[in-house]
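First up is the structure itself, then whatever we jot down about it.
The values are calculated or read from the model by the stated rules, or taken from the named source; none is laboratory data. This one's a predicted model, so the numbers in the text were calculated from it and none came from an experiment. For neighbour counting, all protein chains shown are included, and Cβ atoms are generated from backbone atoms with ideal geometry for every residue, glycine included.
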Amino acid sequence: MIEIQWYVILAAFILDFILGDPRHLPHPVIYMGKAIEFFEKKFRKYIKNLLISGFFFALSLIISTWLITGILIKLSMAIHPFLGILVQILLLFFCFSAASLEKAALSVFYALEENDIEKARKAVSMIVGRQTQALDQKGVTRASVETVAENFVDGFLSPLFFAVIGGVPLAVAYKMVNTLDSMVGYKNDTYLLFGRASARIDDVANFIPARISVLIITLSAFLMSFKKAVLALKTGVTQGSYHKSPNAGYPEAAFSGALEIRLGGPNMYHGKMVEKPFIGKEFKDPEKEKIKQACDLMMFGAFLSTLISCFIVFIF
């Protein structure tokens, strides 16, 4: 086990806040993606039962990522403790994506500000899985807010959670879990069986962070008003299960309450209409300004959860 220090968490958050996702630096997720593509072919070839091969494929990549990260940190610390700290900061920084998510969502907002719906549809298509060609302004806005809410967990809170309980190696291993789900966790003919283990592992990994997110978002909403904090908590607790995903509904419901907007509902995914219940159906459809408010809520939630995590690590 490699224990994490509070200043590693804080420094990684500050780097993410300042740099976001720097395009000129090689991102570990790129190499995770290449490893997934390479080993998928191998496991499919040598283990014919797709459920079994998919399970060992996912497990092997997750454990290997954890081991390699741990060895890298141990080696760097053996060279010099400062180098070990620097490596941990950089690796955890690469696990966070709050600032890049904010930038992507705001690009949708600015396109809507210019009344360029085609530009807005193209921008939102970069961060959501649904079809965006026919979305109107409210549909584009709803998709943007939903992805900010959901990815607050996937892109920040979950890796932070695993860093606190298991150090940077576990945070990086979570990143592999999340990358596996995004690449093979689909319910289509290609991945229905092979990708099932990856999807289920991702569900399990995000189970606790998704529910913690309701509390973090409630605390963040308290800065807006006491009423919004109450609505965030109430909607998050009572309507968090109104989603086909076992986890995505909780942050979405909390955002729905905090921003007093209706989210969810049916959407087109890969040419098929997927029926989903509305979350916050008692509220109105979102206006474009809600994208900016959602980004503010998400970034402050990231800041709050960082401070709480630093305090926990410092105390224990």
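Tabulated values for the structure
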{"read-out": "Selection from the range 127-149 of residues that are of a type in the set (Gly, Ala, Ser), touching a Phe, Trp or Tyr at 6+ places or on another chain (Cβ under 8 Å) and not in a loop (DSSP other than H, G, I, E, B)", "value": "Ser144, Ala149"}
{"read-out": "Enumeration of residues in the range 216-264 that are in contact with a helix residue (DSSP H, G or I) (Cβ under 6 Å, 6 or more places away or on another chain), in contact (Cβ under 8 Å) with a residue 24 or more places away in the chain and assigned to a loop (DSSP other than H, G, I, E, B)", "value": "Gly240, Tyr242, His243, Pro246, Asn247, Ala248"}
{"read-out": "Positions within the range 1-26 being among the aromatic types (Phe, Trp, Tyr) and within 21 Å of the chain's Cα centre (by Cα), in sequence order", "value": "Phe13, Phe17"}
{"read-out": "Residue in the range 161-180 that is surrounded by the fewest Cβ atoms within 10 Å (Cβ to Cβ), counting only those that are more than 15 Å from Thr65 (Cα to Cα) and touching a helix residue (DSSP H, G or I) at 6+ places or on another chain (Cβ under 9 Å)", "value": "Val164"}
{"read-out": "Hits in the range 187-215 - residues which are assigned to a loop (DSSP other than H, G, I, E, B), at pLDDT 95 or above and among the polar types (S, T, N, Q)", "value": "none"}
{"read-out": "Any hit, the range 245-253, residues being over 21 Å from Lys290 (Cβ atoms) and buried (at least 23 other Cβ atoms within 10 Å of the Cβ)", "value": "yes"}
{"read-out": "Verdict on Ile165 being touching a residue at least 12 places away in the same chain (Cβ under 8 Å) and either part of a helix (DSSP H, G or I) or over 20 Å from Phe255 (Cα atoms) (or both)", "value": "no"}
